[in-house]
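Worksheet: the structure to be examined is printed underneath.
The values are calculated or read from the model by the stated rules, or taken from the named source; none is laboratory data. Remember, predicted model here, so these are calculated numbers, not experimental data. Backbone-built Cβ (ideal geometry, glycine too); neighbour counts: all protein chains shown.
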């Protein structure tokens with residue numbers, strides 16, 4: 001299987017990165033955390049203009065109809081910038097869910113607004129919590145194979161101040177028998193989350209490497225010390241090994257191994273990003289603990305994202321179950 005990105009995909013990723021760099025994303029994240037969503041919504045509208053929010057949305061609903069690998073390219077950059085908002089839900093999970101339903105009216109009702117950035121959506125799936133339900137025009141809940149609109153009922157504190165989680169309660173019934181569509185939406189959301197983790201890990205490595213080149217002890221940059229070099233090399237290796245698993249998951253979204261491949265990507269990217277966060281905190285020292293220092297935006301983001309779309313135990317269980325089922329099928333085939 002070929003994992004290399006095409007020149008067009010590389011150029012797209014570069015353009016998204018430049019947009020986020022120019023959009024003063026750290027300021028938007030801090031505003032989002034304190035309840036001022038205006039800078040963040042402005043940034044999201046710019047992302048929509050670049051086609052990011054419409055990647056998973058079919059052209060008939062105002063989107064691009066791109067492949068999952070293109071979604072991964074975009075979300076790596078969103079993670080690299082620690083961009084705020086329910087982006088996984090708006091650009092990945094909800095479009096996948098609505099377009100998998102037999103009744104296409106729901107997709108036509110909401111997805112054009114998602115694609116152009118006029119509206120945001122959020123959904124409570126596996127853990128009953130909806131991200132940024134106070135900032136989303138569309139709030140959904142999928143429970144027991146049923147899909148409903150919902151309203152928020154309570155705020156749940158997150159490790160990341162820019163991730164406002166809410167308990168929600170069901171309102172209007174929209175569809176029944178949607179378990180398969182929900183499973184596909186969950187995997188798409190988990191894939192996008194894994195991409196965010198990889199991007200955040202890359203950002204932490206870049207930031208820490210730059211700091212290690214500038215910070216001096218005993219008359220020379222700390223990056224020249226072997227212990228620091230080894231720590232950063234371990235981080236780089238972890239990120240580089242996680243990346244092919246992420247691409248594989250994107251390329252097998254339509255295959256029987258989808259769930260297993262997505263879970264493998266979530267675990268690998270989550271572990272690699274967490275290793276990058278630990279190294280960043282250790283290399284930066286006391287300044288890394290301060291909320292005023294931008295490093296904290298990525299440290300808290302990585303901590304929250306690692307379990308945002310399923311815990312490590314959940315994903316390891318899915319991998320084990322898939323491998324067990326495959327082994328049983330092979331045994332039956334040789335019996």
### Task
Give region 166-183 a look and list any residue that's out of contact with any helix residue (DSSP H, G or I) (no Cβ under 9 Å at 6 or more places or on another chain) and assigned to a strand (DSSP E or B), or say none.
166, 167, 168, 169, 170, 171, 172, 173, 176
### Task
Among the candidates 79, 113, 121, single out the residue that is at pLDDT 95 or above, closer than 14 Å to residue 48 by Cα and out of contact with any strand residue (DSSP E or B) (no Cβ under 6 Å at 6 or more places or on another chain).
113
### Message
Can you pull out every residue in region 99-126 that is touching a helix residue (DSSP H, G or I) at 6+ places or on another chain (Cβ under 9 Å), free of Cβ contacts under 8 Å to residues at least 60 places away in the same chain and closer than 12 Å to residue 140 by Cβ?
### Response
109, 110, 121, 122
#### Entry: Sole residue being in contact with a strand residue (DSSP E or B) (Cβ under 9 Å, 6 or more places away or on another chain), assigned to a helix (DSSP H, G or I) and under 26 Å from residue 29 (Cβ atoms), chosen from 154, 189, 201
189
### Message
Exactly one condition in (1) at positive phi; (2) in contact with a helix residue (DSSP H, G or I) (Cβ under 9 Å, 6 or more places away or on another chain) is false for residue 163; which is it?
### Response
(1)
### Query
Here are some residues: 316, 332. Which one is assigned to a helix (DSSP H, G or I) and surrounded by 13 or more Cβ atoms within 10 Å (Cβ to Cβ)?
316
### Message
Tally up the residues in region 262-276 that are under 16 Å from the mean Cα position of the chain (by Cα) and surrounded by fewer than 24 Cβ atoms within 10 Å (Cβ to Cβ), please.
### Response
5
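Specify which of the listed residues (237, 267) is out of contact with any helix residue (DSSP H, G or I) (no Cβ under 7 Å at 6 or more places or on another chain) and over 16 Å from residue 184 (Cα atoms).
Being out of contact with any helix residue (DSSP H, G or I) (no Cβ under 7 Å at 6 or more places or on another chain) and over 16 Å from residue 184 (Cα atoms) holds for just one of 237, 267, which is 237.
Of all residues in region 1-28 being outside any helix (DSSP H, G or I) and without any contact (Cβ under 8 Å) to a residue 60 or more places away in the chain, which is farthest from residue 54 (Cα to Cα)?
2
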### Summary
Out of (1) surrounded by 17 or more Cβ atoms within 10 Å (Cβ to Cβ); (2) under 26 Å from residue 155 (Cβ atoms); (3) touching a residue at least 24 places away in the same chain (Cβ under 8 Å), the one residue 45 does not meet is (1)
### Query
How many residues, within region 149-162, are closer than 27 Å to residue 116 by Cα, within 19 Å of the chain's Cα centre (by Cα) and surrounded by fewer than 22 Cβ atoms within 10 Å (Cβ to Cβ)?
1
### Message
Suppose we filter region 49-94 for residues that are closer than 22 Å to residue 240 by Cα and part of a helix (DSSP H, G or I); how many remain?
### Response
14
